[in-house]
Amino acid sequence: MQAFRFDAIDLPPEAIAARARVRAFLAEEGARRHFVPYRNSWNSFDPDFTRRAGAAGFIGVTWPRAYGGAAQSPLVRFVITAEMLAAGAPCGAHWIADRQSGPQILRNGSERARREILPRIAAGECYFAIGMSEPNSGSDLAATRTSARRDGEDWLINGQKIWTSNAHRAHYLIALTRTGEAGPDRHGGLTQFIVDLSRPGVTVRPIRNLAGGHEFNEVFFDDYRVPDDMRVGGVGEGWRMVTSELAFERSGPDRFLSDYRLLVELIERLRENPGAREEIAIGRLVAHLAALLRMSTAVAGLLDRGENPAVEAALVKDVGTAFEREIPEIARLLVASQPSFDAEDPFSQALAQVTLHAPSFTLRGGTREILRGMIARGLGLR
């Protein structure tokens, strides 16, 4: 049985200094009206903002300086990330690359991949998508059928990925492929590759979401040729690669701060004359937020020590996205306001933004059923 670890973390001085720097940067961005907080979330795609964030040194901060980074700890990145989310900054262009693809390449990519790709990510000029999910398999990554077959010094990839966020705007994605037999535990025979989306053999088709936006995509591979030095990790090590990558994806503050701006606007709306019902509801939400912040910071501390807190990350993601789903429901009950993008007040606009996107919160990054199976296994219950 595995014991969960959510140890209290004291932020180092460099993280506290980073908080002051990023707050000043975001205040200037807001003063110049470069973004509207309650109209954005972390997946709002704004290449101009990403370039400015890169120039200010807020992307790839944990990477060595030789690859464009600042050689800082994951706790520094955690603080920067939380501040960006709290401000409602449009981080979607660099989010995946900074959060997981870049660290994966740094740890397990070839030297060529590190030299060619990481400095461009850190500069805010290179974007990534995630090539994991497939039709009819959902969050069951062990059921991956997209194949990669060795052909001389290259590999030929054939198959399909789905729900691939921003693949139509990204430069690369890291694709999980099947290169061999699954074996008795179903985790064998998987390998990851860096896919250059500008090369022949890959087609991206849009999937429109409920809000009418184009974020999701289908990605098709037809004899897509990728050099062997664009492989991530060893052949057959894909399961280990992808589970370590998901620890970055599932544990961060984006798993409970996606609709933080709605919570802020809710508090602002009720500030003048809250009743007992409103005070209890807001107090409960703030208490949950504080607990999630502690849990997520603790996971960042484990990552800082080079550990792989996959189960703790799954728990943060499950509890965090449930919290995110609660906020618009509670806001709707406490304030009689019609959600509308055309409304003049920020609360109604934020409520409209979150209401349309909330159904995806407990799906992206792994469904609750898959996550709870991982947690149960970690507790020795299955």
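The values are calculated or read from the model by the stated rules, or taken from the named source; none is laboratory data. Since the structure is predicted, the reported quantities are computational estimates derived from the model, not experimental observations. Counting neighbours? That spans all protein chains shown, and the Cβs are built from the backbone with ideal geometry, glycine included. To get the accessible areas, we keep the full protein, side chains included, count just its heavy atoms, and leave off ligands, DNA and RNA. Shrake-Rupley method; radii C 1.70, N 1.55, O 1.52, S 1.80 Å.
At a probe radius of 1.4 angstrom, the accessible area of the range 111-201 per residue rounds to 42 square angstrom.
Would you mind telling me the antiparallel percentage of the DSSP bridges in the chain, rounded to 5?
Numbers: 28 of 33 bridges.
In the chain, approximately 85 percent of DSSP beta bridges are antiparallel ones.
Between helix 111-122 and the chain there is an angle of about 20 degrees, using the helix long axis and the longest principal axis of the Cα atoms.
Net charge within 15 Å of Ala56 by Cβ-Cβ distance, Lys/Arg positive one each and Asp/Glu negative one each, not counting Ala56 itself?
In short, 0.
Working note: Cα atoms of the chain, range along each principal axis, descending, whole Å: 71, 48, 43.
Looking only at the range 318-345, which residues have a backbone nitrogen under 18 Å from a spot 7 Å from the Cα of Ile267 in the C-beta direction? Under cut-off, by backbone N: 323-332, 334-335. When only alpha carbons are used to place a centre, the range 1-77 and the range 144-211 end up 29 Å from one another. Each other residue within a Cβ distance under 12 Å of Arg150 adds +1 if Lys or Arg and -1 if Asp or Glu, for a net charge of -1.
Could you sort 167-178, 320-331, 193-204, 270-281 so that the peptide with the highest average Cβ count within 10 Å comes first and the rest follow in order?
In decreasing order of mean packing, 167-178, 320-331, 193-204, 270-281 become 167-178, 320-331, 193-204, 270-281.
Mean sequence separation of contacting Cα pairs (under 8 Å, at least six apart), scaled by the length of the chain, corresponds to a relative contact order of 17 percent. Label separation (Asn308 vs Arg112): 2.6 nm, computed from points 7 Å beyond Cα along the C-beta direction. The magnitude of the dipole of the range 108-213, with charges of +1 and -1 set on the Cβ of Lys/Arg and Asp/Glu and taken from the Cα centre, is near 280 debye. Sequence-distant contacts, meaning Cα pairs under 8 Å at least 6 residues apart, place the relative contact order of the range 1-71 at 15 percent. For Val195, the residues 5 or more places off, or on other chains, whose built amide H falls under 5 Å of its own are Leu173, Ile174, Ala175. Between the helical axis of 238-251 and the dominant principal axis of the chain, each derived from Cα atoms, what acute angle in degrees is found, rounded to the nearest 10? With both axes taken from Cα atoms, the answer is about 10 degrees.
Peptides 256-268, 47-59, 224-236 ranked from most to least packed give 256-268, 47-59, 224-236, packing being the mean of other C-beta atoms within 10 angstrom over each peptide's residues. The angle between the Cα long axis of helix 13-31 and the main principal axis of the chain comes to about 70°, on a 0 to 90 degree scale.
Contact order, relative form, for the range 164-261: 29 percent (alpha carbon pairs under 8 Å, 6 or more residues apart, mean separation divided by residue count). Here the accessible area of the chain is 52 percent carbon and sulfur, with a 1.4 angstrom probe and all protein chains present.
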